[in-house]
Amino acid sequence: MLVFVYFSILLGIRKILSVDLAYMNISKSVQPYQYLLVAFIVIEALLFVALHLYTASRSDEYLADVTKRLDTEYHIILNAFDEKAEMAFETMIDTPKIKSLLREGLTAPEPEQKRLREMLYGALSPHYASLKKFGFKQIHFHTPDNRSFLRLHAPAKYGDDLSGFRNTVAFVNQTHQKISGFEEGIASDGYRFVFPLYDEKGYLSSVELSFSAYALTDFLKPQFQGASFIIAKDALVQKEQRYETTPLDPGFVIDQNYIDTPIALNADKRFGAHFDPYNAKPFSLDALHNGQTYIRTFLPVKNPVTHKTDGYMILLSDGKYVHKIQNSFWILFIGLSIIISLLFLRYYRIKKFQNDTQSYQRQLERTNKKLKTILDTQENMIIITDGLQMVDANARVLEFLGYQSFEQLHRHHQCICDFFLKHDDYFHLGHVPDQEHWISYLLKLPPQERVVTMVGADIEPKALQVYINRYDTQKGSYIVTFTDITEMVIREKILQYRAQHDRLTDIYNRQKIDEVLENICGYSSRRNEHAGVILFDIDHFKNINDTYGHDMGDEVLKSIARLVKNNIREEDIFGRWGGEEFILILRHTDLQNSVTKAQILRETIASMYLPDIPAVTASFGVTEVVADDTPQRLLKRIDIALYKAKNEGRNRVVFSSAAQTQPVSP
């Protein structure tokens with residue numbers, strides 16, 4: 001219809017020119033209007049080409065914006081699954097009980113291994129059932145040599161070798177690092193999260209949590225007009241009858257059970273121009289179906305080990321705006337043609353045509369609002385950053401920091417790192433070398449060390465686990481998630497304190513002292529620095545227990561512990577060695593000064609007042625750390641010195657150097 005109108009205008013112009021020139025009595029042999037008409041046609045041709053390029057550029061820009069938006073939403077959803085898998089691994093699998101069963105099962109002979117496998121299955125079955133509600137399909141344990149140990153989804157099948165086609169399993173068993181991404185298997189494909197497992201003896205094996213790509217399409221369909229997943233034929237481990245070649249490209253197949261969005265699979269020659277097995281990027285194509293325009297967005301799904309494109313997630317969205325851009329070509333062309341015609345005929349003034357971009361702006365606002373809504377529904381704090389400053393932040397960030405809007409936050413703080421508190425136990429900007437950005441430095445740290453502490457609007461410091469994901473490698477953009485782990489950190493601190501301290505005296509226990517002695521021997525030897533060690537024992541402590549009872553004996557131990565703590569330096573390390581024995585490690589102190597300190601402590605204890613019991617004394621053995629010393633040799637020397645102090649009458653100090661043992665007069 002528009003083309004018919006255009007050619008009607010051309011005929012009208014020719015007729016008007018003929019009438020105009022006849023009125024002006026110009027000879028038909030000259031017919032100057034023909035030159036005008038030729039010039040008009042040339043300009044129209046140039047206008048046609050320019051407008052075609054312009055509308056094509058607008059269409060490409062809009063498709064690029066759609067691609068970027070959907071790619072961001074897709075990665076946010078994948079990150080949510082990743083976080084769920086990480087949490088499930090940490091809370092359900094990476095536990096002493098599960099690792100103990102797995103350690104025994106990996107080394108036990110059959111049928112003991114079968115019994116342990118059944119116990120492991122029984123322990124994880126309830127967790128597996130709850131994970132399936134979130135879309136997870138598999139929990140799969142592997143042996144260090146890449147064999148299947150236990151499939152919770154198929155417990156009767158185990159022992160098969162996964163080498164050769166399960167690259168993610170081989171990668172984790174070889175590098176002992178977590179890996180995640182899409183990978184095709186024998187029985188099924190899926191997004192796989194493969195974790196390394198460690199216990200106190202070292203590396204155990206790998207374990208996988210995964211969900212089907214088609215489970216992801218089911219999750220995405222309500223949010224779009226359709227979703228499909230296609231797999232490259234060369235990515236299939238084995239050809240199965242359930243796969244069918246797609247009309248889109250003969251190199252890709254789809255599961256016959258999931259052909260419910262045929263529009264997404266229609267043939268399109270442009271697809272091949274975008275496909276690159278090793279450097280595929282997301283892209284969008286417009287498609288016409290039953291008179292309606294759609295946008296098909298192709299998001300490449302790559303194998304995390306080979307980095308080869310194994311498939312595409314196809315998202316279907318409304319293409320009305322693309323259709324409008326394409327139709328605007330004829331509208332613009334005819335409109336400008338009328339203006340040019342009137343210019344040539346000298347009847348109308350030149351009018352400039354301006355393209356109305358309000359619809360495009362509204363579409364962009366809806367797009368940004370949808371992305372913002374997705375971010376704001378997350379319970380964790382999430383920011384988007386270009387590596388230098390924040391680009392956006394979800395509602396949880398604003399709520400935590402006490403700002404009403406992102407604009408208000410950005411006016412005062414361009415980087416979220418401004419809120420990181422300086423704390424020795426957590427990451428802060430003081431750790432980052434000059435000329436290096438905090439995100440790049442964090443990415444080099446192990447995941448368990450990516451923890452920061454921040455104070456929010458409630459003035460309560462929070463410990464936050466940091467997860468960083470790249471989503472636009474060309475612009476260097478990141479999605480940074482902060483998960484509150486404050487309660488878990490507090491519990492760990494309490495457990496660590498209890499593990500290192502004696503419950504009665506609230507000073508270090510023997511386990512902690514053993515660790516300190518090991519470190520102090522190595523440190524002093526390397527640095528050639530002095531360190532003194534004092535071991536003392538309460539004289540006749542058994543008589544105190546037998547005469548005045550164990551409660552009084554406990555009170556004596558606590559009183560001496562408090563007394564010594566109040567008479568040593570902050571850098572000194574004091575602990576209960578066992579029973580009525582105590583040990584004191586003096587940093588940066590030679591043997592002579594250590595003996596002097598022991599004498600002071602001996603006199604202080606002897607003068608200590610305790611009601612209802614006579615004076616308490618103690619015998620002291622003293623030594624110092626020497627070159628190439630070990631805890632065993634040091635303890636042997638100090639034990640000899642203490643034994644000599646007791647044999648020579650108690651309540652005295654005896655020191656032992658590497659060469660000799662010598663008493664000190666009380």
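Some points to look at:
- Total residues in the range 224-256, condition in contact (Cβ under 8 Å) with a residue 40 or more places away in the chain and outside any loop (DSSP other than H, G, I, E, B): 10
- The set of residues in the range 434-449 that are open to solvent by less than 60 Å² (accessible area, probe 1.4 Å) and either touching a helix residue (DSSP H, G or I) at 6+ places or on another chain (Cβ under 6 Å) or not aromatic (F, W, Y) (or both) comprises E436, H437, W438, I439, S440, L442, L443, L445, P446.
- Restricted to the range 86-107, and to residues there that are of a type in the set (A, V, I, L, M) and out of contact with any Lys or Arg (no Cβ under 9 Å at 6 or more places or on another chain), the residue that is nearest to E208 (Cα to Cα) is A88.
- Verdict on N327 being of a type outside the set (G, A, S), on the phi > 0 side of the Ramachandran plot and either surrounded by fewer than 16 Cβ atoms within 10 Å (Cβ to Cβ) or touching an Asp or Glu at 6+ places or on another chain (Cβ under 8 Å) (or both): no
- The single condition among (1) open to solvent by 60 Å² or more (accessible area, probe 1.4 Å); (2) in a helix (DSSP H, G or I); (3) over 30 Å from W438 (Cα atoms); (4) modelled with pLDDT under 80 that L336 does not meet is (1).
- One residue stands out among those in the range 450-465 that are farther than 23 Å from L388 by Cβ and charged (D, E, K, R): the one that is surrounded by the most Cβ atoms within 10 Å (Cβ to Cβ), which is K462.
- Of the residues making up the range 311-324, just one is open to solvent by 10 Å² or more (accessible area, probe 1.4 Å) and either within 19 Å of A273 (Cβ to Cβ) or in contact with a helix residue (DSSP H, G or I) (Cβ under 6 Å, 6 or more places away or on another chain) (or both), namely Y321.
Per-residue answers, yes or no, for (1) in contact with a helix residue (DSSP H, G or I) (Cβ under 9 Å, 6 or more places away or on another chain); (2) at pLDDT 85 or above; (3) not in a loop (DSSP other than H, G, I, E, B):
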position	(1), (2), (3)
D260	yes, no, no
L288	yes, no, yes
Y294	yes, yes, yes
F298	yes, yes, yes
Q326	yes, no, yes
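- Test: P32 is of a type outside the set (A, V, I, L, M, F, W, C), out of contact with any Lys or Arg (no Cβ under 8 Å at 6 or more places or on another chain), exposed (fewer than 13 other Cβ atoms within 10 Å of the Cβ) and modelled with pLDDT of 90 or more: no
- Against the numbered list (1) open to solvent by less than 30 Å² (accessible area, probe 1.4 Å); (2) modelled with pLDDT of 80 or more; (3) touching a Gly at 6+ places or on another chain (Cβ under 9 Å); (4) within 19 Å of H323 (Cα to Cα), A264 comes up short only at (2).
- Residue count for the range 562-571, restricted to those that are within 45 Å of the chain's Cα centre (by Cα) and either assigned to a helix (DSSP H, G or I) or not basic (K, R) (or both): 4
The values are calculated or read from the model by the stated rules, or taken from the named source; none is laboratory data. Keep in mind it's a predicted model, so treat the numbers as computed, not measured. Quick reminder, even Gly has a Cβ in these numbers, built from the backbone with ideal geometry, and neighbours come from all protein chains shown. Areas reflect the complete protein model, heavy atoms only, side chains present, ligands, DNA and RNA absent. Shrake-Rupley method; radii C 1.70, N 1.55, O 1.52, S 1.80 Å.
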